[in-house]
Amino acid sequence: MKEELEALLLDIEQRSFDSADAVEDFRIEYLGRQGKMKDLMAQFREVAPEHKRELGPLLNKVKSSVEEKVSTEKASFNKKSTASSSGIDSSRPAGGVPHGTHHPLKVVRREILDIFSNMGFGVVEGPEIEDDWHVFSGLNFPPEHPARDMQDTFFVERDPDLLLRTHTSSVQVREMERREPPMRIIMPGRVFRNEAISARAHCMFHQIEGLYIDENVSFADLKQTLLHFAQSFFGPETKIRLRPSYFPFTEPSAEVDVYWGLETEVDKRITKGTGWLEILGCGMVDPNVLEASGIDSKKYTGFAFGMGIERITMLRYQIGDLRLFFENDKRFLDQFAGER
Ligand code: PHE
């Protein structure tokens, strides 16, 4: 029996297979219910005890050699079949499905609205096609004011009273006409101005306007609200300053700058050497404006402010050209993939 076992070991070692099925046949030949191992076991039981000690390990070796050969041969056929059948490796983890990204203007708009919502401002929207009253007259623009000029405003040809709103302050007028104070609202939207398109200007852009009217609203409230906004948006150390300015609908009026710093050449260039950057316009709502919308200016005061979303977004991400926002260049948009 010893010779027989040694011959089988040699046979096992030398076998080669051309398919996974052939390996399986080999397995059955040895380990199957009617296989060679079964016969060998039966023979082994008849062997004289003094020979068992020598033959036992040899018999075990036959069994383990078959098992080992079967498992390595099967594995190699498996690998070959996944690699060759379609060129697809089904064992690879699935790649991600590409998602669209949020537009940077949308990211910033949402962030600004969140900051003011947390202060109790409700979001209100209004129409983009407006009449003269809501964009100009109701906001105390004198009849000859240059903002009404054909150069700034897109008028609707068949009706000179209709125009594309040049600022979101029109929504302010609509709300004041519609409701009684107190009101605390924030008004995002698209605005249109007849300007040549360049890196700094576009005929369409986005603003966010804020309005707060109640008894005893003061300029100090305005300043504190805007400081809180600037620090929430640009960072807790942010400093702001207010410069006197003019808008027909606010008195007094101011422009707000944030301190940007003068550390790099770029800082110097974008702040024109001052370290300060303008971010928005604001002021106390002119009593004429309150009265024009039927609000008692003896009882109520209010503040308003307005900012350009493009401008704030350009500052936040250091974007040098306004036109990038509207060209849908994937290489530009993909840079905001992580923003929410
Ligand atoms: N409407 C002004 C503009 O478009 C911004 C502004 C809003 C200023 C509210 C003061 C108060 O430039």
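Against the test of being touching a His at 6+ places or on another chain (Cβ under 7 Å) and closer than 27 Å to His145 by Cα, the options Ile295, Ile279, Ile309, Ile213 yield a single qualifying residue, Ile309. Using the structure shown, decide if Phe77 is in a helix (DSSP H, G or I), touching a helix residue (DSSP H, G or I) at 6+ places or on another chain (Cβ under 9 Å), assigned by TED's automatic domain parsing to the domain that holds Met183 and surrounded by 13 or more Cβ atoms within 10 Å (Cβ to Cβ). So Phe77 fails the test.
Residues of the range 224-269 that are within 16 Å of the ligand (Cβ to nearest atom) and among the aromatic types (Phe, Trp, Tyr): Phe229, Tyr246, Phe247, Phe249.
Test Leu227 against the criterion of being of a type in the set (A, V, I, L, M, F, W, C), more than 27 Å from Glu128 (Cα to Cα) and either assigned to a loop (DSSP other than H, G, I, E, B) or not assigned by TED's automatic domain parsing to the domain that holds Trp133 (or both), and give yes or no. Answer is no for this residue. Out of all the residues in the range 134-151, is one or more more than 19 Å from Phe247 (Cα to Cα), crowded, with 19+ Cβ neighbours inside 10 Å and modelled with pLDDT of 95 or more? No: zero hits. Being more than 31 Å from the chain's Cα centre (by Cα), of a type in the set (A, V, I, L, M) and surrounded by fewer than 16 Cβ atoms within 10 Å (Cβ to Cβ): is that true of Ala201 here? So Ala201 fails the test.
One line per residue, one yes/no per condition, for (1) more than 30 Å from Glu180 (Cα to Cα); (2) part of a loop (DSSP other than H, G, I, E, B):
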site: Gly273; (1), (2): yes, yes
site: Leu277; (1), (2): yes, no
site: Asn288; (1), (2): no, no
site: Met307; (1), (2): no, no
site: Glu310; (1), (2): yes, no
site: Asn328; (1), (2): yes, yes
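On the stretch given as the range 270-295, residues that are without any contact (Cβ under 8 Å) to a residue 60 or more places away in the chain and more than 10 Å from the ligand (Cβ to nearest atom) total 12.
The values are calculated or read from the model by the stated rules, or taken from the named source; none is laboratory data. Because the structure is a prediction, the values reported are computed rather than measured. Note that we place each Cβ from the backbone using ideal geometry, even for glycine, and neighbour counts take in every protein chain shown.
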